[in-house]
Each structure stands twice: as C-alpha cells, then as structure tokens.
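Peer 1: One structure is given below, represented as structure tokens, and several questions about it will come after.
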Amino acid sequence: MERTANLGLVQWQRSRVQTRRSVGSFALLLVVGVLLSATLATSIPLQFSIVTLFLFAGPHNWFELRYFLMRLPLRFGRSRNFFLTAFTGIALLTIAYLSLPLLYYAGVWTGHNWPTAIATWNTLLLLWLGLLISLRGKQGRRNWTWCWPVVFALSSLNWLGPELFSLALVYAHPLVALWFLDRHLRRNRPEWLQSYRRCLLMLPLIVAAMCWRLLGSQSLADDNGLAWRITQHAGADLLPQLSTHLLVTVHVFLETLHYGVWLLALPLIASRGSIWKVKSIPLARHARGFPRLIGATLIGGLFVVALLWLGFSTNYAVTRDVYFAVAIAHVLAEAPFLLRML
Amino acid sequence: MKKFIPVALGALVVLSSALYTLADIPRPPKPSPTPAAGKPVLHTELTIVPDPKGSEARLQIAPSDLKILREALASVDSNPTTWERLSQSSTRTIIAGAFLFLSISLAGVWLARSDRRRSRIAAAVVFGVALVGAASMIANANAGPPGTYLWRGLPQALTEGKSTNGGLDIEIMPEGYGMKLIVPSRDFKKPDHQEE
C-alpha cells in the first residue's frame, strides 16, 4: 500500500519536473526569440523588413488559411448568422479596399477625398466588427452590447484622423496573433499561460526601449522606391516628427512576432497531427466533409506562396504593394475566428 | 479577460484621442542650431495703427500689392502637410461629432440598463473617452478668446522687444498703397512700470 502511494508520488513529482522544464523551455524560447527580433529590427530595420517579408509573408498566410479551415465547423447551425456576416463582411470590405487604389490608378478617381474614403472604409470595418461582437455575445448569452459605444467612439476618432486610425490598425494587427496564442495556450497548455503572459510584459518595455534609443536618431535613407515604401507603410508621412528608424523598427519587430506566432507557436500548440495531412482538418475528415476541396485549397495556397516568392524575386517593390493590398483579407478574417475563441 | 477588453479598448481610445487635444496648440519648436531662413516673396511698406474701437487685428492690403502678392503666393508650394490635411476638414469633424453623440447616447442607455459594477467601470471609460473627444473637437473648432485679449500685451512686448501672437483678418482694400496693420488697442495693458 505504502509502496503504491510512493510510486504515485514519484510519478507526480516526475510529471511536475517535466512540466517545469517545458514551461522553462517555452519561456526561454519566447524571450530569446523576442530579444533576437528586437535586436535585428533595431540594428538593420530596412534589411530585416525586406528579408522577413520575403521569407514569411506567404507561408504565414498559408498557415493562417489552414488554421481557419481547421476552425471552420462543418455545419454552421446556430452560428449561421455569425458566419454569414463574417464572410460577407470579409468579401465586401476586401473588394472595397482593393477598389480604392484600382480606381485611382485607372484614372476614374482623382483621390482628392482620399481621407474621407479611408474614413468611410474604417467606419464600415468598425460597424462590421461591432455586429460580429454583438452576434457572438448573443450566441454565448453574454451581454456584449458595450461594444456599440466603443465602436462609435472609435468611429468618431477615425473621422477626426482617418489616416492615423489606419496607421493604428497597421500597428495593432500583429498583436492580434498574440491574443490567438493566449487563447490557445489557455485551452491546450494552461501550464504555459502564466509564463507567456509574463513574457508579454516585455513587449511594452522593449518598445519603450526602442523609443528611448531611436527617438532622436537620424531617419533612414529612403532614397530608393523600396525604402520609401517601407518607411511610408510605417507612418513616415503621418508622423513626420518621429524618426523613420524608430517607426520601421517598431513595425518590423511587431510583424516578426506576428510571423513567429503563426509559423511556429500556433502550429506547435494547436495542431492535431501533421500539418500536411488533409484529414487532420475536421472539414475534410468528416463523412459529409469536403476532403478534395480542402486539399485543393491548401495546394492552391502553396502555389500562391511560390508565386509570391517569385514576385518578390522579380520585382520586390511592386509585389510588396500588391501583397499588402490583398493581405487585408487575412487581417479581416482573423476577427471572426478570434471572436469564436472568446 | 472580460473586464480587460473594454478597459483596454477604452485606454487605447483615450491615448489615441490625446493626439487631437493638441489641435490648436502650437507644437513646441524643435531645437535646431540653424533655423531655416524664410523666403521673402514680397517687399512692401507696413503701417501699424492702434484701433481703440476694434475687436480683431486687421491687415489691409492695397490692390497694387495684392497683384504682386498673388503672383508671389502662386510660386510658393502650397501643398499642405499631412497633419494639416488631417485637422482641416469641417465635414469630417461634424461626422466625428455625430458618432461621438451616438457613442455617448448608447453608453448612457447601456449604463442605465446595466447594474453590474464592471459594466459601470467600462461605461465610465467610454464616458471619459467621449469627454476627451468633445474637448478635442472644441480645440479643432478654433474656439478661443477674443482678439483684443490676445493683442493686449503688444505695447509692453514691443517695449521689451518680444513677439506677440494673435488673430488677424486680411482685408483687400479698393485703393491705396502698401499694407496697413490695424491692431485693437481697447484692452492694451499698461507697461509694468506704469501700473506701479
């Protein structure tokens, strides 16, 4: 009897040591990854931006696509209205977002009221998010009506400075991935959650350190088209009082974390089998599922990734512009799937 | 986490709105060892006239100078900076005000219906945001003291060799020569040594 109890105690102690080790390894990996990307983003921001985008932009979108397919239910059931709103919003907002530069370059629109157009798009985005939050709240029988005052307050701010609001979205989007990771750790690895949240506290400190070091630094030389695009994307025109070195550094740092979460952290934590196995996706595995469609979608996605690499190799600057215009779809798609996790 | 979301969103909104409270306040000048020199576009005469009955400073421009001034202004790059473009649209300010009104109204309704403590905290955050937003819109609307108040320290400033800031209406005169600056002198402060 005593021996059996001792065996149980030993096993418990072993599992506790293993848990501690895994938590320690996870935290160490996080800290090293974050510090490494912060160092590279600070010392060679433009080069780091070019390389990370080239290497990770396409693959991270493919992983996101796979993740979304994993989370998509076979039958929408009670979530029908939620998913209909989500997909309609993603389609319409993406088309509207892409049509703005297309109309401009086609000469149909002069772009003189560009801030108003951007403000209108941002307002539609906020209203769509409000609707999704509201629908999700109803599904979970939670009172999430607080979202409407917040949505309208944000809309108000958006109309005061639409371009600044869009820039805020550019900087906020990479952080959404960290929220996804938080939800998955809570579900799959609760023992890692505390360490993860402690590591997250490093982020504001690192950004503050970047600001402290680079606030008065000389702006980056954006004398070629590509460097100019990168600095503009980071907000050089909207925040002329800040050094572009600081803006690009912070933006690239956050983007790298975003890529890290989608390419490394989430596949390791949330995957249920090999990422290459189509049958690991519920939509393909189920008897009434669509294995061929899912397989074709994933293979098509791989071709797009290869095409993107080819485009970057041929004309990096133009491919970058096209990518960031089309990539709005994945930014929008994150919202409903994150809400499903809450 | 449920409590964190509205609080975090509220904090984000408050921080974002802080930018606009600077709307009409001139930014502190950047320390620059070699300030950029202005480009003269027109040389003319200037007469400063104190006006005890006026309420706003006026700059009267003669027609002959107006033509030269127009040509000079046409040659100057008039593209506004992005920041100027951001803060110079009355239509957008009106729409922002309408959304702010909706936000305050719905927050009020939600607050009235809610009896939970955390909901009240979140509503207080939204209300705070609305207040900051309203303050920023007032700042955008150019609300300020009357012109006479801003020009009241001109005599003393001239004596001390300091500059004075104030509003100015530019008027195009039907005839005459040169420019005339009319400064409201109704509220002129007496120099310190005279007040004693």
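The values are calculated or read from the model by the stated rules, or taken from the named source; none is laboratory data. This one's a predicted model, so the numbers in the text were calculated from it and none came from an experiment. Note that each Cβ is placed from the backbone with ideal geometry, even for glycine, and that neighbours are counted across all protein chains shown.
Peer 1: Which condition number does residue A:197 fail, the rest of (1) more than 8 Å from every other protein chain (Cβ to nearest Cβ); (2) over 21 Å from the mean Cα position of the chain (by Cα) being met?
Peer 2: (2)
Peer 1: Would a scan of the stretch A:112-128 turn up a residue that is on the phi > 0 side of the Ramachandran plot and either loosely packed, with under 15 Cβ neighbours inside 10 Å or aliphatic (A, V, I, L, M) (or both)? Before the answer, list the steps.
Peer 2: Pass one, the stretch A:112-128, residues on the phi > 0 side of the Ramachandran plot: none.
Within the stretch A:112-128, none of the residues are on the phi > 0 side of the Ramachandran plot and either loosely packed, with under 15 Cβ neighbours inside 10 Å or aliphatic (A, V, I, L, M) (or both).
Peer 1: Pick out, from the stretch B:39-134, the helices (runs of 4 or more DSSP H) lying fully within it that include 2 or more residues that are at pLDDT below 65 and not small (Gly, Ala, Ser).
Peer 2: Numbers: elements: B:63-74, B:82-86, B:90-113.
Passing ranges, in order: B:82-86.
Peer 1: Any chance you could count how many residues in the stretch A:196-219 are over 22 Å from residue A:35 (Cα atoms) and surrounded by 13 or more Cβ atoms within 10 Å (Cβ to Cβ)?
Peer 2: Going through the stretch A:196-219 one residue at a time, the tally reaches 1.
Peer 1: Right, something else. When you look at residue A:103, is it farther than 18 Å from residue A:333 by Cα, modelled with pLDDT of 85 or more and more than 22 Å from the chain's Cα centre (by Cα), yes or no? It would help to see each step written out before you state the result.
Peer 2: Values: farther than 18 Å from residue A:333 by Cα: yes; modelled with pLDDT of 85 or more: no; more than 22 Å from the chain's Cα centre (by Cα): yes.
Taking the combined requirement at face value, the residue does not satisfy it.
Let's see how each residue does on (1) in a helix (DSSP H, G or I); (2) in contact with a Cys (Cβ under 7 Å, 6 or more places away or on another chain); (3) surrounded by 19 or more Cβ atoms within 10 Å (Cβ to Cβ); (4) not small (Gly, Ala, Ser):
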site: A:24; (1), (2), (3), (4): yes, no, no, no
site: A:30; (1), (2), (3), (4): yes, yes, yes, yes
site: A:35; (1), (2), (3), (4): yes, no, no, yes
site: A:41; (1), (2), (3), (4): yes, no, yes, no
site: A:53; (1), (2), (3), (4): yes, no, yes, yes
site: A:58; (1), (2), (3), (4): yes, no, yes, no
site: A:61; (1), (2), (3), (4): yes, no, yes, yes
site: A:64; (1), (2), (3), (4): yes, no, yes, yes
site: A:67; (1), (2), (3), (4): yes, no, yes, yes
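Peer 1: Got at least one residue in the stretch A:173-190 being crowded, with 18+ Cβ neighbours inside 10 Å, of a type in the set (S, T, N, Q), assigned to a helix (DSSP H, G or I) and out of contact with any Gly (no Cβ under 8 Å at 6 or more places or on another chain)?
Peer 2: Looking for residues that are crowded, with 18+ Cβ neighbours inside 10 Å, of a type in the set (S, T, N, Q), assigned to a helix (DSSP H, G or I) and out of contact with any Gly (no Cβ under 8 Å at 6 or more places or on another chain), one finds none in the stretch A:173-190, hence no.
Peer 1: Applying the selection to the stretch A:140-172, what residues are farther than 30 Å from residue B:98 by Cα and either surrounded by 22 or more Cβ atoms within 10 Å (Cβ to Cβ) or touching a helix residue (DSSP H, G or I) at 6+ places or on another chain (Cβ under 9 Å) (or both)?
Peer 2: Within the stretch A:140-172, no residue meets the criteria.
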